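Everything below concerns the one structure shown next.
The values are calculated or read from the model by the stated rules, or taken from the named source; none is laboratory data. Please read all numbers here as calculations on a predicted model, not as lab measurements. In this analysis, Cβ positions are derived from the backbone assuming ideal geometry, glycine residues included, and neighbour counts consider all displayed protein chains. Note: accessible area is taken over every heavy atom of the protein model, side chains too, but ligands, DNA and RNA are not part of it. Shrake-Rupley method; radii C 1.70, N 1.55, O 1.52, S 1.80 Å.
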2 protein chains.
Amino acid sequence: MYDEAMNAPVKTSDLTRQTLLEAAFAEIHRNGFQAASLTQILADTGLTKGALYHHFPDKKALGLAVVEEVIRPRLAAMMFEPLADTRQPLAAMQALLAAKAAEDDPMVVTLGCPLNNLMQEMSPVDESFRQRLNEVFEAWVAVVAAALKRGKTAGEVRRDVDAEATAFFIVSALEGCVGMSKNTQSVAAYRSCLAQLGRFLDTLREP
Amino acid sequence: MYDEAMNAPVKTSDLTRQTLLEAAFAEIHRNGFQAASLTQILADTGLTKGALYHHFPDKKALGLAVVEEVIRPRLAAMMFEPLADTRQPLAAMQALLAAKAAEDDPMVVTLGCPLNNLMQEMSPVDESFRQRLNEVFEAWVAVVAAALKRGKTAGEVRRDVDAEATAFFIVSALEGCVGMSKNTQSVAAYRSCLAQLGRFLDTLREP
DNA sequence: CTTGACACATACCAACCGGTATGTATGATG
DNA sequence: CATCATACATACCGGTTGGTATGTGTCAAG
């Protein structure tokens with residue numbers, strides 16, 4: 001069996017590892033890390049503890065691997081990549097918000113953002129978790145900040161906006177909208193909140 | 001022993017109940033509800049399970065009582081009351097943000113907002129929790145929305161702002177700022193994020 | 001053909017959890 | 001003074017958890 005893209009051998013061992021990571025991601029997304037049950041993960045995958053503890057030394061390592069190998073790439077593909085080279089970050093972000101709002105039955109309203117959920121739960125409890133999560137979060141902020149700076153030189157964004165602080169706020173407000181919508185369980189509130197964030201983005205536009 | 005304000009007898013029973021609630025609040029604030037240990041709460045208070053299960057039928061009832069009798073009043077005193085009758089909600093909220101930013105070593109950066117923490121953790125997991133928490137949250141939004149409406153008639157707030165949607169966003173963004181700052185564990189980031197929220201509030205001002 | 005490392009499966013364990021059953025001191029009431 | 005509910009304390013229980021020790025099949029190397 002060969003991986004067509006990488007043209008490298010795909011060991012079944014890597015497959016089971018990936019299976020464990022995906023199941024762990026889902027379980028953690030549903031119940032949080034501390035309440036996530038290894039037994040449930042194994043039941044979902046049909047694997048056993050032997051497999052799990054062969055690939056991961058303990059539960060914490062599994063959780064950190066989920067952050068690095070599942071959450072981070074997903075976030076990068078969904079949120080980083082669309083802003084990677086834009087000179088019109090405001091337009092790009094508005095399009096992003098519109099796309100997110102257009103989803104019907106967004107899972108983010110039901111279960112929230114996997115990254116945000118873990119940050120809220122684990123940051124005060126476990127320092128190494130906090131560090132890994134913070135790296136992902138700050139990478140996100142950095143992507144937005146860089147896009148805003150390019151927007152400033154390109155004339156889309158006002159010169160007086162503080163790129164870093166504004167980027168931090170934008171990501172924070174977005175996560176806030178997701179979190180509150182998760183609580184109200186209302187897609188309408190979710191869309192309305194995203195629209196308000198869009199209004200804020202408009203205030204950054206060079207007149 | 002008498003309560004001076006109410007002029008009603010203060011039973012020691014009510015005192016131990018209050019002790020349990022405060023300890024439970026602290027434990028839940030530190031570890032979340034599901035990870036909160038009843039044993040730890042009892043160790044903190046010096047009480048025993050007999051006392052706990054005399055006052056509360058089970059752990060869930062204790063958690064809900066914490067929401068109703070600790071979190072809600074605290075939030076009301078801190079966030080609702082300053083906006084209760086203002087005709088200049090923007091000025092009042094700016095003052096509120098400034099006051100929060102002025103705190104040195106705000107616990108909210110270390111452990112986050114108790115309400116938001118519980119919402120993020122419990123909303124997808126337990127429906128009755130979600131409902132109680134949502135009542136508190138929507139009461140908060142309603143207070144902000146009412147203040148914004150008064151600001152519109154008083155001429156401080158632009159006529160074209162959607163009071164409900166804007167209020168929802170303001171609270172969401174605030175909780176987002178708190179949550180992200182908890183993750184970065186940075187007071188500076190916290191203050192910067194609040195300042196950006198202040199910038200958004202300025203855009204609502206009637207020119 | 002043998003050996004041995006890898007990739008799991010099975011069986012088991014101590015610790016802790018929320019919850020309960022029962023005992024007991026106190027204080028109000030008749 | 002007797003009674004009885006209140007307000008706890010103590011002891012205990014079944015279930016679940018993360019983690020481990022050991023067994024087993026497979027497969028590549030020598």
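Checking residue B:78 against (1) within 23 Å of residue A:196 (Cα to Cα); (2) open to solvent by 40 Å² or more (accessible area, probe 1.4 Å): exactly one of these is not met. Which one?
The number of the failed condition is (1).
If you go through segment A:166-201, how many residues are at the interface with chain B (Cβ under 9 Å from one of its Cβ atoms), assigned to a helix (DSSP H, G or I), open to solvent by 10 Å² or more (accessible area, probe 1.4 Å) and not aromatic (Phe, Trp, Tyr)?
7
Only one of these conditions is not met by residue B:207: (1) of a type outside the set (Lys, Arg); (2) surrounded by fewer than 22 Cβ atoms within 10 Å (Cβ to Cβ); (3) in a helix (DSSP H, G or I). Which number is it?
Residue B:207 satisfies all of (1) of a type outside the set (Lys, Arg); (2) surrounded by fewer than 22 Cβ atoms within 10 Å (Cβ to Cβ); (3) in a helix (DSSP H, G or I) except (3).
Show the residue pairs that are 6+ apart or on different chains and have beta-carbon atoms under 8 Å apart, the first residue being within segment A:148-166 and assigned by TED's automatic domain parsing to the domain that holds residue A:197 and in contact (Cβ under 8 Å) with a residue 60 or more places away in the chain, the second being part of a loop (DSSP other than H, G, I, E, B) and open to solvent by less than 20 Å² (accessible area, probe 1.4 Å).
As it stands, the answer is A:157/A:204, since those pairs meet every condition given.
I'm trying to understand the selection: among the residues of segment A:97-109, which are in a helix (DSSP H, G or I) and either open to solvent by less than 20 Å² (accessible area, probe 1.4 Å) or over 17 Å from residue A:71 (Cα atoms) (or both)?
Result: A:97, A:98, A:99, A:100, A:101, A:102, A:109.
Can you tell me which condition residue A:147 does not meet? The list is (1) touching a Ser or Thr at 6+ places or on another chain (Cβ under 7 Å); (2) over 23 Å from residue B:195 (Cα atoms); (3) open to solvent by less than 20 Å² (accessible area, probe 1.4 Å), and all the others hold.
Failed condition: (2).
Of all residues in segment B:8-32, how many are open to solvent by less than 70 Å² (accessible area, probe 1.4 Å), more than 8 Å from DNA strand D (Cβ to nearest atom) and in contact (Cβ under 8 Å) with a residue 12 or more places away in the chain?
Final tally of qualifying residues: 11.
Among the residues of segment A:66-75 satisfying the criterion of being more than 8 Å from the chain's Cα centre (by Cα) and in contact (Cβ under 8 Å) with a residue 40 or more places away in the chain, which is surrounded by the most Cβ atoms within 10 Å (Cβ to Cβ)?
A:66
Where the second residue is within 13 Å of DNA strand D (Cβ to nearest atom) and in a loop (DSSP other than H, G, I, E, B) and the first is in contact (Cβ under 8 Å) with a residue 12 or more places away in the chain and lies in segment B:47-62, which pairs have Cβ atoms under 9 Å and are six or more apart or on separate chains?
B:62/B:56
Hey, could you check segment B:36-60 for residues that are within 11 Å of DNA strand D (Cβ to nearest atom) and assigned to a loop (DSSP other than H, G, I, E, B) and say which is most open to solvent (accessible area, probe 1.4 Å)?
B:48
The conditions are (1) in a helix (DSSP H, G or I); (2) within 13 Å of DNA strand D (Cβ to nearest atom), and residue B:94 fails exactly one of them. Which is it?
The failed condition is (2).
Looking at (1) touching a residue at least 60 places away in the same chain (Cβ under 8 Å); (2) within 14 Å of chain A (Cβ to nearest Cβ); (3) within 16 Å of DNA strand C (Cβ to nearest atom), can you tell me which one residue B:35 breaks?
Result: residue B:35 fails condition (1) only.
Any idea which of (1) away from chain B (no Cβ under 14 Å); (2) modelled with pLDDT of 95 or more is the one residue A:136 doesn't satisfy?
Unmet condition: (1).
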